[in-house]
Every structure is written in structure tokens, then in C-alpha cells.
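To keep things clear, I will list the structure first and then write my remarks on it.
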Amino acid sequence: MDWTALFLSLRLAAWTAVILLPVAVFMGRFLAFRQFGGKGLVEAAVMLPLVLPPTVFGFYMLVAFGRNSPIGDLWQSLFGHQLVFTFEGLVVASVIFNLPFAIQPAQRGFEAIAVEVREAAACCGMSPMRSLWKVELPLAWPGLMTAMVLTFAHTLGEFGIVLMVGGSIPGETRTIAIAIYDRVQGFDDRGAAIMSATLVAISLFTIAITYWLSARVGRRLS
Amino acid sequence: MALEVMARAKGPIPLDVAFRVEHGELLALVGHSGSGKTTLLRTIAGLWRPEVARVTVDGTSWLDTAARIDLPTHHRRVGIVFQNYALFPHMTAAQNVMAAMDVADRYEALRILDLVNLHGLGSRKPAQLSGGQQQRVAVARALARKPQALLLDEPFSAVDRATREKLYGEIIALRAHLAMPVVLVTHDMNEAQLLADRMVVIERGRVVGAGTTAQVMADPEALRAMGIREVAAMLPAVIAEHGPDGLTRLDAATGPLFLPGVEGAPGTQVRVRIMAHEVILSRARPEGLSAQNILAGTVTQIVAGKGPAVTVHVRVGDHEILSRITRRAAEQMALRPGETIHAILKSMSVARDHVACAPDVSVLIKRFQAPICDQF
């Protein structure tokens, strides 16, 4: 059992979810409430990681963040090491790759709030920020929670993008999914089986919690 | 001062309307759906901005497209009751009311809920309340904002008839506490006549009739858009007694009126809407007639429109009753202003929801000890 890899995966999943929460709130809300030209294109772009092979996505990440790219150079000058093949690089890739899993459920959550309810909040004298905090977030909460859990669980299971952008550096970029792959390659079937079962259990547990919480929230609202 | 509204727009609903509502006055904006009346309400609240518009409240501009003033909704002190109430589903009734306060005050929220007859229901969620109770929470929430203008957008359309009749009475009673201009949007002429002081009739974004409720309801031209059969007079009356046969005797300034089963204890003040096309006129006092209500009065004017009918205004005591009869009948009877006439009304012709309780507001004020008028 590769505990380092497991904790690395959990850490990556947690960071991805934490960073994507505000993004999900503001992008989801924006896409739910605003009508603008090219909205369809923006929504399509957000969904793109769902259909692209991780290799294609990973390739563009390497091009964008690698050595001799403007972002890669900027990172190098700021932190003294390159972005790709590091944990930070994995987080950046993971955040972008999980945009659809975070934004889509959040958007559905905000869309479920009746227009009149938001208008009523404004008529009650609530500023947009106060309305977000007092009315929209409590009502969009199930959608946001789904977004975070999906992001977390999906990050745990991500393989291709990690391999492309991170490689398999122990303690830095070797996640549990990569570790399982390495064990299988090394004919360590028992190790692969234990880690696979652990990953199934964690993922199942995470998703079960969401269902349980959404049922509770559903009861609270009716 | 008070609330002044002017709006002009080409679309999506063309608008060219201006009106004014005084403090403590209830103005009904009536029109069919798509006439633009709700758009006007949304303009006042800042939820919609027509191309050219001005909204002033007590001399302060909320919206003035010419001067590029457009206060965001949350900076306008406006109370609004939406058609489907738009309560916050995750909050209790009291929390809904508190949400509209500058400083959340639970005690005050419960007091306002008492005022709208929701005593003891403060901790219920909207889903646990009936339609009528939800409407009352919405009214309480709108009042908690201490609005400079109270806007009611078809607030009775989502409840059943019996609840609606009760809510009419409550709104009439509540009005004694309201010092701000009130705008009611409705397509229901009965509702407008029972509740409003003045009316503006809107058709395709234009004002086709405006004036006091009595004026508009007697004006066939103004009512052409809403249906000429809506022409009606309103009589205040007091419930005198409930007869064993199911008829209620009402005492009006015009004399006793007998109507089927009016709800309310003897002594209750009510308003009765009498449809002009239900009133028959007779020169001689008729005898051997089935109609129970025969009121003697004087013809004050005969108003002819474009159609084959005329509206005869009959003064009975201090009040006026309207009768729609054919032009031919008026000529055959040789009716002239100043002549004595008998107005005959069939008891069964007054619909139940054309009688609204107008409770004695002094009782309500006593119930809440402190006068609440100053607060709103």
C-alpha cells in the first residue's frame, strides 16, 4: 500500500475542490443568471474537458505551462522551479480539467432559484452580495455540494492528465491512480488490488455522503 | 410629492403611461395580460428599465433616464408582493419578514405577522403554509421594508375564491395602517373596485381611462377594454341580520338590501358591488315582483356611449347606483335627469365575491395597542 500516493491524491483532490469552490459559485451564478452573446460558446468551452482525451488536454497543458512558454517562464522566475512535473502544476491542471464538474452542477443549482425570489431579495433591500449570502447560496447549496464532491472524487480517479503533466515522481506527482498503474506494470497484483479497493471505498463513501446530505437539505427546504 | 411614474418604451411591450399615486392612496392598474401593467410595476421597483422613464417618490428620483439616474432595486425603499409571493423557501415566516428589515428584529417581525392575521405561525416554513397564509407573509415582508411605495402584483390570483374574499377584507382593514402610496396590478375589475381609490385602465401600454374608482367604473369608454359589462356601482353597507331563509339583510344608505348568505356578524361593514347590467329601472314602484330590492332614487345623468346601451346614474340617498339599459328603453321611458325612478335589483344577481368585508379598523388598532400607522 502506497500511503504517500494516497495522501498525495487526497491533498490534490482537496486543493482542487477548495480552489474551484469560489470559481463554481461565481461562474455558475454568472452562467445561470446572465444572458449574453456567445454564452453557448463559453458553456461549451467549460464542458470541453469532459469530451477531450486527457492526453490532448495534457499536451496543451505542457505547451502552455512548460519550459519556454510565457506562463512557464513567469512561474520559473517567481518560484525558481518549473510548473510542470510538480504538485503545483498538477493542481493547476486538475483545476482546469475539473471546471465542468464544478461549474455545471453549480450552474444548475443557481438556475433552480426562481427569478422572483432573487428579485424579492433585491426588493428586501439586499445588495447583490448579501442576496448571494442570505438567499442564493442556501438555495443553491445542493448544487454546490454536488459540484465539490464530484470534483473531489473525479480528481482522485484522474489518471491521464496526471501522467501527462506530472509524470510519476514519488511524493510530488505520483497519485494513487498512477501508483496502481505502476504496480500493475510491475506485476504487483496484490498491491494494485489493495489500492484499487481503497480507492473504490473512498470514492463510494464520498458520493454516499453527498446523497445523504442532499436528502437532508431537500427535507429542510420542503 | 407621493409616487409619480412616467414610462415610454417601444418594446417588448409598448408603453406610454404616466400616473401619480398620493400617500395612503390605493391605485389599481387594470388591464388584460400583456397590457403592460406588470411592466410598470417592475419599472417602479427597478426590475425593468423602459427606454424613457421617470419614477419619483416624495420628490426623490429613483429613475430618470433623461438625467441618467437609475437607483438599483435594493436602494429603493419599495415593498412588493409578487403574484406567486416569491417567499424565501429556506426561511421561516418570521425570517422572511426579518430579511426585509434594516435591522433584523424578531419581536417586530412577529408583530407585523400578527397584523396580517398570522399569529403563532412565525416559525413555519413557506411550504408549511396555505396559499392565503403565504400571501399574508409576503404582505408582511413587504411592509417590514418600511416602503415608500407598496406594490401588489396580482396578489390574489393564486388563491381560491373563498380565501380571496377573506384577503380582500384584510387588505381593506390593513389600509388604515398604510401611509404610503399603494399600487395594485390586477385584471379583475371586481377586485379593483372593491379595493382601489383610483384606477388607471391600461390597454396595449396606453391609458384608456383614469379617475376615481366610481368614475372609471361608470365610464363605458374606459371600460370598453375590460368589458362593458363590468360597469358597476359600489355601495357601503352594514350587515343587519341573517334571515332564517338564508338571506342577509344589509343596511345601506339606499335602504335595506337583501342578499344571499353574506358572511359576517351583524354590525360588520361591507362593500357591495352592484353590476349596472343587473339593475332594472321602473317609473312606478312595481308590485308583485320577485326582486327583493327596490330602491327609489333620482336620475342624475344618462350617459350614452357608442353602443346600443346607455348608463343611467340614479342617486339613492348619498350614493349612486348605475343601470345599463338599452338606448331604446331609455327613449321609451322618456328618462330625464331629475326625475324619480325605482331601481330594482335581483338578490341573487350579486355574486358572493362582490361583497367584501370592510371591518371597522379601530378594533384592529386596539388589538395592537400602539398605532402602527406612523411606522409604515
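A few remarks follow.
Yes or no, residue by residue, for (1) touching a residue at least 60 places away in the same chain (Cβ under 8 Å); (2) open to solvent by less than 20 Å² (accessible area, probe 1.4 Å); (3) over 18 Å from the mean Cα position of the chain (by Cα); (4) under 23 Å from A:Thr146 (Cα atoms):
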site	(1), (2), (3), (4)
A:Ala14	yes, no, no, yes
A:Leu48	no, no, no, yes
A:Pro53	yes, no, no, no
A:Gly66	no, yes, yes, no
A:Asp73	no, no, yes, no
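- Meets criteria (more than 22 Å from B:Ile13 (Cα to Cα), part of a strand (DSSP E or B) and either within 14 Å of chain A (Cβ to nearest Cβ) or out of contact with any strand residue (DSSP E or B) (no Cβ under 6 Å at 6 or more places or on another chain) (or both)) for B:Gly79: yes
- Filtered residues of segment B:33-55 (kept if open to solvent by less than 20 Å² (accessible area, probe 1.4 Å) and outside any loop (DSSP other than H, G, I, E, B)): B:Lys37, B:Leu40, B:Leu41, B:Thr43, B:Ile44, B:Ala45, B:Ala53, B:Val55
- For segment A:71-125, the candidate set comprises residues that are farther than 19 Å from A:Met61 by Cα and in a loop (DSSP other than H, G, I, E, B); within that set, the residue that is farthest from the other protein chains (Cβ to nearest Cβ) is A:Gly80.
- Residues of segment B:124-141 satisfying the condition of being part of a helix (DSSP H, G or I), surrounded by fewer than 18 Cβ atoms within 10 Å (Cβ to Cβ) and not polar (S, T, N, Q): B:Ala127, B:Gly131
- Count of segment B:82-113 residues, restricted to those that are within 13 Å of chain A (Cβ to nearest Cβ) and part of a loop (DSSP other than H, G, I, E, B), is 16.
- When B:Ala100, B:Ala7, B:Ala104, B:Ala66 are screened for being crowded, with 24+ Cβ neighbours inside 10 Å, over 30 Å from B:Glu230 (Cβ atoms) and not acidic (Asp, Glu), only B:Ala100 passes.
- Among the residues here, B:Lys146 qualifies as within 17 Å of A:Ala120 (Cα to Cα), open to solvent by 10 Å² or more (accessible area, probe 1.4 Å) and touching an Asp or Glu at 6+ places or on another chain (Cβ under 9 Å).
- Whichever residue in segment B:111-123 is more than 18 Å from B:Leu178 (Cα to Cα) and open to solvent by 50 Å² or more (accessible area, probe 1.4 Å) and, among such residues, is nearest to the chain's Cα centre (by Cα): B:His119
- Some residue of segment B:203-213 being in a helix (DSSP H, G or I) and touching a residue at least 60 places away in the same chain (Cβ under 8 Å): yes
- Residue list for segment B:317-350, restricted to those being open to solvent by 70 Å² or more (accessible area, probe 1.4 Å), part of a helix (DSSP H, G or I) and in contact (Cβ under 8 Å) with a residue 40 or more places away in the chain: B:Met348
The values are calculated or read from the model by the stated rules, or taken from the named source; none is laboratory data. As the structure is a computational prediction, the values presented were derived from the model and not from experiment. Reconstructed Cβ throughout: ideal geometry from the backbone, glycine too, with neighbour counts over all protein chains shown. Accessible surface areas use protein heavy atoms only, side chains included; no ligands, DNA or RNA. Shrake-Rupley method; radii C 1.70, N 1.55, O 1.52, S 1.80 Å.
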